[in-house]
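Reading through the C-alpha cells given below for one structure.
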Amino acid sequence: MTRVSFAPLLLPLLVALVAARPLAAQADTARPPAPTIEAVRVEIARDAQRSVLTLPFAISRITPDSLRPQLRRAGVADLLFGIPGVQVQSRNNPTQDARIAVRGFGARAAFGVRGVKVLRDGIPISLPDGQTPMDWLDLETVGSVEAIRGTAAALYGNAAGGVLDFRSREASPEPLATQARFWDGGSARRAQLMASGSRQGDAVAPASWLASVTHTRTDGPRTYAAQEATSAFARADATIGRNRLRLFASAFDMPRAENPGALTLAELDRDVRLPDSLNITRGANKVVRHAQLGLVAEQGTSDDGVAGAVWLGARDLDNPLPFAVVTVDRRNMGLWVRGTSSYQFRGLTGRMSAGLDVQSVRDERRNLANCVGQPTTATCPVAGSDRGALRLDQREVVQSEGAFVRYELAVPRRLDVSVALRWDQVRFRVTDRFTTATDRDDSGEEGQTALNPMFGIAWRVRPSISVYATANTAFETPTVTELTTQADGSAGLNGALAPQRTRTLETGVRGVVGTRTWIDVAVFDARSTDELVPFDVPGAPGRRAFRNAGRTSRRGLEATARTLLGRADAVLGDVGVSWTASRFRFVDYQVGAVSFDGNVVPGSPSQQAQAWITLRRSHWFTTLDATAASSVVVNDAGTERAPGWHAINVRLGSEGVRLRSGWYAAPMIGVENLFDARYASAVLVNATRGRFYEPAPPRTIFAGIRFETR
C-alpha cells in the first residue's frame, strides 16, 4: 500500500518555534496589544450569533484572510483550508467545480457539489434536489466561512451531509472605500475592482453597500484547459427601526472553458499537463451564464424575532461532452421563513424556533449528438456542424418543501439541551418531449419524503470549554441529473434509485485553552443505507449513472488547534494544524454476483492533515501552509488507488504600505506546490478507461498587488 509521510507538516510548526522568539524582540511597539482568542460565534445554526460552545454538533467558523493573508482565491480550497472533516479536491479543470466532501458525503460528485448544503449569506446555492453549481460563487467577496461538519438534516433538510455558508465581507465603515486587486502567475491572470461604503446618523437609516467585479483569464495548468470568466456581486444592507433588510445580486459569465478530462496513472506519472485526447477530439467544453437575486428581511432579535428570505435564479448551460452536447435552460426560486421565541420554564431559559423552506427548479434539458470530427450521417446530417440529431428533449421539475421545529433549554451547571425535528418532501417530475413512433413517452413523477430528528447536549465544563454529544438522522435524494441519467440511455426517471439515509452519533470537545489557543476535537459514527454510488457507463465516455449500495459505515476523528504567537503585549502571528482520520467501508454491497462487502468507500483519503503559520512584523507577513493526504481508493473493487501526497505553499507580502493620504498598496508574491510534487488532487470514482486521476498543477509562482483607500 502506498504510504505518505506527514513529516512536511512539521515544517510550519518548527518555523514558528524558531522564529517566534527573535521576532518578539523586534516587534513594532506601535502595534496594538495582543488580543485573546474568544469563543467563536456563528449564524449557520439557523439562529443569529450563537456561541459554538452552546451547540451540540461539530461546527467551525474561519476568516481566511485573517489567518493566511492575501489569499490568491484561485479556488474554493483556499477558503476551506484548515477545517477538519472537510476535504476539497481541486480538479484544476475550468468546466468542473471543486469536489467538496464533508465526512465523505459529496465524494461521489462527478460535477458540482453533492451531499453538502451550500449557502451564500444564508440563501441556498444548493438546488432542492441537492446539486450545487459552485462556478458562480464570487470568491473575492467572501469574508468568512461557517461549516457544520456532519449531518444536519434536522435543520437544513435534503443533502445536508454537511453545511457550508459563505459569508460576505463587511462593507467599509467610511462613506466610500475602493479596492483594485491584480494577480498573475501560472498562466492565469485575475483583476478585481470593489467598492463599499456605509452611512450613519439620526436623519437617515443606517445602511451599507458593497459591489465587486472580477475577471479571470487563464490558459490553464494543463493542455486544453483555457478559461475566461467574469463574476459580479453586490449587496445592500439597511436598518429601519428593528427591521433589517439585505439585498444580494450575483452574475456570472463564462464564455469559454475547455475540458481536459482525467488521466490514467501512467499519464499522471509522465506529465501532469496532459489532457484526455478524446476530449480534444470531441471538443469538450462549457459555456455558462448565471444570475441570482436574493432578499433577506429580519425583525426583532435572535432570541425573539422573525426572518425570511426569497430568491430567484437563472442559468443557461451549453456543455459539449464526448458522448453528447448537453444544453440546460434553468430557472429556480425559493423562500424560507423562520421565527424564534424565548421562554421561561420553571426558572429555566429556553428558546423555540420553527421554520419553513420551499424551493423549486425547472430545467429545460436537450441532448444532441456530438458531431465534432464525425462524418456526415443521419445522426450528423450537416457537414461541419458540431451538433447533430436531437437525442433527448425534456422538462425536469424538482420541488421541495420542508418544515422544522427546534427546542433549546439552558439548565443549571451550564448545560444546553437541543431537540429538533424536520419533515421534508422532494418531488421530481419529468415531461418527455422527444417522442416518435419508435421512442416511447418516458414522462413520469416521483416523490421522496423523510422525517429527521436530532437530539444533543452541550456542557460547559469551564466557561470557555464545552463537551457535546448528539444523535441525528439525515437523508439525501438523488439529484434530477442522477435520476434521469440511466445506464441504458433511457429517458425519464430511474425508479429503482432510492434516497440515501444516514444515522449519526457524534461527540466532541472544543474551547479556548488559556487565552491564546483554540482546540476542537470530534469523533463520529455514521451508518448509511442505500448509499448513492456513481459509475461510468461502459462504451459511453463521460456518461455517469448511479446505483444504490446496501449499507455503509463511516467513522472518523477530527481535530484542530490554533494558537497566537508572540509576547503578551504584541501578536506576531498565529499557527494552526488540523487532522482528519476516517474509516469508510461498504458493509453490504453487491453488483450482480460480485460482492464489495468490507471494501473501502472510494473517493476520500483515510487521513488528511493541514498546517499553517503566519508571521507578522509591522504590516509585512509571511505565510507557510502545507497539506498531506494518504492514498485514495478510486473504485468500488478497491483495485486502484491514487498515491498519497504532500504539498507546501509559501506567500510573502504586505497588508498595506501607505502611498499617500488615504491610499495603500499591498504587494504579494508566492509559490504553490513549492517542491513540485506530482500527484492527483482529485479522483473520478469508478471511471472507465482507467481515467480516475485529475492532476494538481506543477510548481506555480505568482505575484499580485492590491490598491485600496482606507
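What are the residues in the stretch 265-317 that are within 30 Å of Gly220 (Cβ to Cβ), surrounded by fewer than 17 Cβ atoms within 10 Å (Cβ to Cβ), polar (S, T, N, Q) and in contact (Cβ under 8 Å) with a residue 12 or more places away in the chain, if any?
Within the stretch 265-317, Thr281 is the sole residue that qualifies.
Restricting the search to the stretch 256-266, which residues are within 21 Å of Phe111 (Cβ to Cβ) and not in a strand (DSSP E or B)?
Asn259, Pro260, Gly261, Ala262, Thr264
Conditions (1) buried (at least 17 other Cβ atoms within 10 Å of the Cβ); (2) farther than 30 Å from Val361 by Cα; (3) in contact with a helix residue (DSSP H, G or I) (Cβ under 9 Å, 6 or more places away or on another chain), marked per residue:
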residue: Ala420; (1), (2), (3): yes, no, yes
residue: Thr436; (1), (2), (3): no, no, no
residue: Gly447; (1), (2), (3): no, no, no
residue: Pro453; (1), (2), (3): no, no, yes
residue: Asn494; (1), (2), (3): yes, no, yes
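Going through Val537, Val513 one at a time, which residue ends up being at pLDDT 85 or above and surrounded by fewer than 22 Cβ atoms within 10 Å (Cβ to Cβ)?
None of the other options fit; the residue is Val513.
State whether one or more residues within the stretch 626-641 are within 27 Å of Glu267 (Cα to Cα), over 22 Å from the mean Cα position of the chain (by Cα) and not in a loop (DSSP other than H, G, I, E, B).
yes
Can you tell me which residue is nearest to Ala195 (Cα to Cα) among those in the stretch 220-262 that are in contact with a Leu (Cβ under 6 Å, 6 or more places away or on another chain) and buried (at least 21 other Cβ atoms within 10 Å of the Cβ)?
Here the residue is Arg235.
Of the residues Val88, Val42, which single one is at pLDDT 95 or above and of a type in the set (A, V, I, L, M, F, W, C)?
Val88 is the lone residue from the list that is at pLDDT 95 or above and of a type in the set (A, V, I, L, M, F, W, C).
Does Arg660 count as over 25 Å from the mean Cα position of the chain (by Cα), over 22 Å from Arg72 (Cα atoms) and without any contact (Cβ under 8 Å) to a residue 60 or more places away in the chain?
Yes, satisfied.
Filter the stretch 671-703 down to the residues that are touching a Gly at 6+ places or on another chain (Cβ under 8 Å) and more than 22 Å from Asn93 (Cβ to Cβ) and list them by number.
Matches in the stretch 671-703: Ala703 only.
Applying the selection to the stretch 324-354, what residues are under 30 Å from Arg391 (Cα atoms) and among the β-branched types (Val, Ile, Thr)?
Of everything in the stretch 324-354, those that are under 30 Å from Arg391 (Cα atoms) and among the β-branched types (Val, Ile, Thr) turn out to be Val325, Val326, Thr327, Val328.
Taking the criterion of being among the polar types (S, T, N, Q) and in a loop (DSSP other than H, G, I, E, B), would at least one residue in the stretch 345-365 satisfy it?
no
For Ser631, all conditions in the list (1) at pLDDT below 95; (2) buried (at least 16 other Cβ atoms within 10 Å of the Cβ); (3) hydroxyl-bearing (Ser, Thr, Tyr) hold save one; what is the number of the exception?
So Ser631 meets the others, but not (1).
What is the number of the single condition among (1) buried (at least 24 other Cβ atoms within 10 Å of the Cβ); (2) farther than 30 Å from Ile701 by Cα; (3) modelled with pLDDT under 95 that Ser126 does not meet?
(3)
Exactly one of (1) in contact (Cβ under 8 Å) with a residue 60 or more places away in the chain; (2) part of a strand (DSSP E or B) is unmet by Glu228. Its number?
Single failed check for Glu228: (1).
The values are calculated or read from the model by the stated rules, or taken from the named source; none is laboratory data. Note that the structure is a prediction, hence the values are computed from the model and not measured. Cβ coordinates were reconstructed from backbone atoms using ideal geometry, including for glycine residues, and neighbour counts include every protein chain displayed.
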